[in-house]
Amino acid sequence: MSQRTPSIAIIGAGLSGLACARALTQAGLRFTIYEAGAAVGGRVRSDVVDGFTLDRGFQVLLPSYPEARRVLDYDGLKLCPFYRGADLFYKGRFHRLSDPFTHPRDAIKHARDPFVSWMDKWYTLVLRKEVLTTRKIERRIPEIETEDYLRDFGFSEEFIDRFFRAFFGGVFLEKDLRTSARMFLFLYSMFSTGGAAIPAHGMQAIPDQLAISLPPGSLKLNTPVTSVRAGEITLTSGEVVHADHIIVAVSEEVAARLIPEAMGEKLLPARSTTCLYFTTDQPVPETPTIYLDGDGRGPVNSACVLSKISPRYAPEGQHLISASVIGSPSSGELEGVVRDQMAAWFGESAYLWNHLRSYQIRHALPEGRQLRLGEGPLGAVLAPGLYRCGDWCEDASINGALISGRRAAEAVQGALG
Ligand SMILES: Cc1cc2nc3c(=O)[nH]c(=O)nc-3n(C[C@H](O)[C@H](O)[C@H](O)COP(=O)(O)OP(=O)(O)OC[C@H]3O[C@@H](n4cnc5c(N)ncnc54)[C@H](O)[C@@H]3O)c2cc1C
């Protein structure tokens, strides 16, 4: 007697859905992905406008992410690294902080800048040693907020305000540093070991690389799912698709709509960000670094000359500058205020930059006060035949999304025996 092959449906082709698909493919299982958008990637998408590559919101890959190293082909992505450090604008000028292990000369050159006290420099090195020598340090501390952790560690209020609020505020998309200290320690170890990078042709190269190995016909783009029930999903066309195993690989907000009964916990508001892109053919700062708002005045928290990190982000002779704002302020006055701030940072020529496009991303990151520390494949199972994955199931990062996708695939494999 012949047996029917169990059917598997994945809803969403963001990084978690693609990582799930990859693991299922490796296990020899067949599936169909239903993706609402016109391309894969979800929150990791890029547009090409007038020859410039615009990521939908400034974001970076930390090459040390363990799951990303397992899953992605870094050579294929042609990763372009950032300078290991940051330039902080404080009281009218930039102050450079350099990683002494990667840029020892710069670190010595700027060591006497009183912007950072000797005690804070010392604590920075101690913290670095701790995260590098304590395996899975994030699992060894209680669940507390990052700000409390930094204070307890010994950092001064000045350094927390000038550096951590700007740098990690930009990573967490919140400047109160309420995010779990476990997440902070994980990221601190990732930055300390591998810094940050972007693929030469834009962040979209990451999901595109994962999608290359999808079996032909397994991806259905422009196909939003409107409802999910045990054993079946409904598409906007009204078509009902039966599936033995359904993996919901969408953001937390969409999951709360599609599978409200399975969500359990109260949905906390997501974190948002706004990214303005400017172009110019005039000279721009040379260092491939991130420029941060050490004053905390805003609205721009960080800026970057992306074409200095990867020249392919802009046509020859042109430059692409991103200016990132935490939150989603109304756009009316924003461009003018951002220009004023950029002119204060980089000079009057910023008033001549061409504003190419802005992206307002309301649901950029899930609220991350608690870090779900790898519940394993079982954490992915919502009900028999129903699974979840996504950054909100693990941690709010590219790494977390990739892990959660693999775990959901392992849970399906487990159910199939
Ligand atoms: C601006 C920004 C900056 C970031 N910066 C960083 C960073 O520097 N480093 C880092 O590690 N992480 C960063 N992140 C986080 C990281 O991008 C995300 O954690 C990760 O991409 C989430 O992937 P996901 O698969 O969980 O969800 P998503 O990417 O949201 O994927 C969900 C997919 O489901 C699809 N979908 C939604 N509804 C439906 C439906 N009804 N039917 C079918 N399909 C549907 C969506 O179109 C999408 O493709 C950033 C995110 C943003 C937005």
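The values are calculated or read from the model by the stated rules, or taken from the named source; none is laboratory data. What you see is a predicted model, and the numbers here were worked out from it, not measured in a lab. As a convention, Cβ positions derive from the backbone with ideal geometry for all residues, glycine included, and neighbour counts pool all protein chains shown. The area values use the complete protein model at the heavy-atom level, side chains included, leaving out ligands, DNA and RNA. Shrake-Rupley method; radii C 1.70, N 1.55, O 1.52, S 1.80 Å.
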The stretch 116-194 - percent of accessible surface contributed by carbon and sulfur, probe 1.4 Å: 56 percent
Estimated distance in nm for a label pair at Met119 and Thr193, the labels positioned 7 Å out from Cα along Cα-to-Cβ: 3.1 nm
Given charges at beta-carbon only (K, R positive; D, E negative), |dipole| of the stretch 210-286 in Debye: 160 debye
Rounded, prolate or oblate (a/c below 1.5 giving rounded, otherwise prolate when a/b exceeds b/c) for the stretch 37-107 by Cα gyration tensor: oblate
Gain in span if fully extended, Arg70 to Glu239, counting 0.36 nm per residue against the direct Cα distance: 57.1 nm
Percent of C-alpha pairs per 5 Å bin, the stretch 116-194, short to long: 3, 16, 28, 29, 19, 5
Calculated [θ] (222 nm, deg cm²/dmol) that DSSP helices of n ≥ 4 give over the chain, each run adding -39,500 (n - 2.57): -8500 deg cm²/dmol
Three semi-axes of the equivalent ellipsoid, the stretch 179-261, Cα gyration tensor, whole Å, largest first: 33, 20, 11
Acute angle (nearest 10 degrees) that the helix 334-346 long axis makes with the longest principal axis of the chain, alpha-carbon atoms: 50 degrees
Lysines with Cα under 25 Å of Lys109, excluding same-chain neighbours fewer than 8 positions away: Lys91, Lys121, Lys129, Lys308
Rg followed by Dmax, in Å, when the stretch 212-350 is reduced to its Cα trace: 22.0, 61
Separation between Cα centres of the stretch 61-100 and the stretch 296-373, rounded to whole Å: 17 Å
In degrees, nearest ten, helix 181-194 long axis to first principal axis of the chain (Cα): 70 degrees
Per-residue HN-Hα couplings for the stretch 101-114 [Karplus 6.51, -1.76, 1.60; θ = phi - 60°; Hz; x = Gly/Pro]: 7, 9, 10, x, 5, 4, 4, 5, 4, 9, 4, 7, 5, x
Accessible surface, 1.4 Å probe, highest first, among residues Glu145, Glu316, Glu67: Glu316, Glu145, Glu67
Separation between Cα centres of the stretch 220-286 and the stretch 102-165, rounded to whole Å: 36 Å
14 Å Cα-Cα reach of Lys78 towards aspartates and glutamates, excluding residues that sit fewer than 8 places from it in its own chain: Asp208
Rounded to 10°, Cα long-axis angle of helix 15-26 versus longest principal axis of the chain: 50 degrees
Dipole-positive endmost among Ser189, Phe168, Pro142 within the stretch 116-194 (Cβ charges, Cα centre): Ser189
Nearby aspartates and glutamates by direct alpha-carbon distance to Lys136 (threshold 16 angstrom, same-chain neighbours under 8 apart not counted): Glu67, Glu375, Glu394, Asp395
Charge context of Tyr313, other residues only, Cβ under 13 angstrom, K/R +1, D/E -1: -1
Estimated inter-spin distance, Asp148 and Arg257, nm [label 7 Å along Cα→Cβ]: 3.5 nm
Exposure ranking of Met263, Met203 by accessible area [1.4 Å probe, largest first]: Met263, Met203
In the stretch 84-124, the chymotrypsin sites (Phe, Trp or Tyr not before Pro) that fall in loop regions by DSSP, at most 13 other Cβ within 10 Å: Phe101
Per residue solvent-accessible surface (Å²) - the chain, probe of 1.4 Å: 45 Å²
Solvent accessible area, Å² - Arg362, 1.4 Å probe, full protein context: 140 Å²
Residues in the stretch 141-174 that a label on Thr134 would reach, taking backbone N under 18 Å of a point 7 Å out along Cα→Cβ: 141-156
Assigned charges on the beta-carbon of Lys, Arg, Asp, Glu; the stretch 116-194 dipole about Cα centre (debye): 460 debye
Peptide ranges 159-171, 209-221 listed from the most packed, as the mean C-beta count within 10 angstrom indicates: 159-171, 209-221
Estimated distance in nm for a label pair at Gln413 and Val48, the labels positioned 7 Å out from Cα along Cα-to-Cβ: 3.6 nm
Selected from Ala249, Ala19, Val49, residue furthest toward positive end of dipole (the chain; charges at beta carbon): Ala19
Hydrodynamic radius (Kirkwood) for the chain, which is based on Cα pairs only, to one decimal in Å: 22.4 Å
Linear extension gain, Leu268 paired with Ser227, 0.36 nm per residue minus alpha-carbon span: 12.6 nm
